[in-house]
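Some notes on the structure that comes next.
The values are calculated or read from the model by the stated rules, or taken from the named source; none is laboratory data. Treat the numbers as computed from the prediction; the structure is a model and nothing was measured. With ideal geometry, Cβ positions are generated from the backbone for all residues, glycine too; neighbour counts draw on all protein chains shown.
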């Protein structure tokens, strides 16, 4: 680390990274965000002492905090105002289901539509905020990295349809939670459950505050999903959460640079 600020290591378009980012912003943690390109991140994660290679990672000068859930725990521990803490038992239950049912299938559906036929569409977001050197190395590694990602996320024929069907089940569950008119998902207050669900579905809800998702070109199949799901209660709820609870704290990151600035 350089300086005294914590460093948040991300993939630019990762919804799990947005989950960590939102928690830090909610608690008004002053941090620097650094992008690592996929492939390169494996080497860099090992160098910084992380136990795994997954992102996000937070470096606070003393520890390596890995994973969005652990970063929320860390942010809660830094909270000066206890009333703003995000964690209580019922919120964790919703978070766990959303992480496993929503987050994994959002990622798999997106990659299943992009990586086999249009992998170039993923690079502008995945390489955002990376240094020129890391971007150069990431571009060289990209053909191999793409194949590894497809294997890791089980991108095969029928993968998109499977994850789309799984997401419809999770969207039904979330719509049912909102059916009683609640503003927040758990115990009548803003929590890590709200951050998790809104962040993980953000790529499909596409709130105006998340310029990343509006600047990203996607295959037609995903635009059909955007249109199909945009009027569901949970998608409208996410747009409102970003408009109120997210925008009120400011978004730490800006829009993606143009694609031409992401080439080596």
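Going through region 130-139 one residue at a time, which ones are surrounded by 13 or more Cβ atoms within 10 Å (Cβ to Cβ) and part of a helix (DSSP H, G or I)?
Step one: list which residues in region 130-139 are surrounded by 13 or more Cβ atoms within 10 Å (Cβ to Cβ), which gives 130-131, 134-139.
Those that are surrounded by 13 or more Cβ atoms within 10 Å (Cβ to Cβ) and part of a helix (DSSP H, G or I): 134, 135, 136, 137, 138, 139.
Can you tell me which residues in region 149-167 are in a helix (DSSP H, G or I) and surrounded by 14 or more Cβ atoms within 10 Å (Cβ to Cβ)? Hits for region 149-167 are 149, 150, 159, 160, 162, 163, 164, 166, 167.
Only one of the listed residues (177, 171) is part of a helix (DSSP H, G or I) and under 28 Å from residue 115 (Cα atoms). That residue is 171. In region 136-158, how many are over 17 Å from residue 54 (Cα atoms) and within 20 Å of the chain's Cα centre (by Cα)? Residues in region 136-158 being over 17 Å from residue 54 (Cα atoms) and within 20 Å of the chain's Cα centre (by Cα): 1 in total.
From 112, 91, 98, 128, which residue is in contact (Cβ under 8 Å) with a residue 12 or more places away in the chain and more than 22 Å from residue 197 (Cα to Cα)?
Details: 112 fails: more than 22 Å from residue 197 (Cα to Cα); 91 fails: more than 22 Å from residue 197 (Cα to Cα); 98 fails: more than 22 Å from residue 197 (Cα to Cα).
Of 112, 91, 98, 128, the one residue that is in contact (Cβ under 8 Å) with a residue 12 or more places away in the chain and more than 22 Å from residue 197 (Cα to Cα) is 128.
Residues that are assigned by TED's automatic domain parsing to the domain that holds residue 222, in contact with a strand residue (DSSP E or B) (Cβ under 7 Å, 6 or more places away or on another chain) and closer than 30 Å to residue 187 by Cα, at least 1 per element: which helices (runs of 4 or more DSSP H) completely within region 15-120 meet that?
Numbers: elements: 15-26, 40-47, 68-78, 89-97, 104-114.
Ranges flagged: 89-97.
Within the option set 17, 48, being in contact (Cβ under 8 Å) with a residue 12 or more places away in the chain and surrounded by fewer than 18 Cβ atoms within 10 Å (Cβ to Cβ) holds for one residue only, 48. In the set (1) within 17 Å of residue 202 (Cα to Cα); (2) in contact with a helix residue (DSSP H, G or I) (Cβ under 6 Å, 6 or more places away or on another chain), residue 36 fails one condition alone, (1).
When restricted to residues that are in contact with a helix residue (DSSP H, G or I) (Cβ under 7 Å, 6 or more places away or on another chain), surrounded by fewer than 19 Cβ atoms within 10 Å (Cβ to Cβ) and at pLDDT below 95, region 207-233 contains 4.
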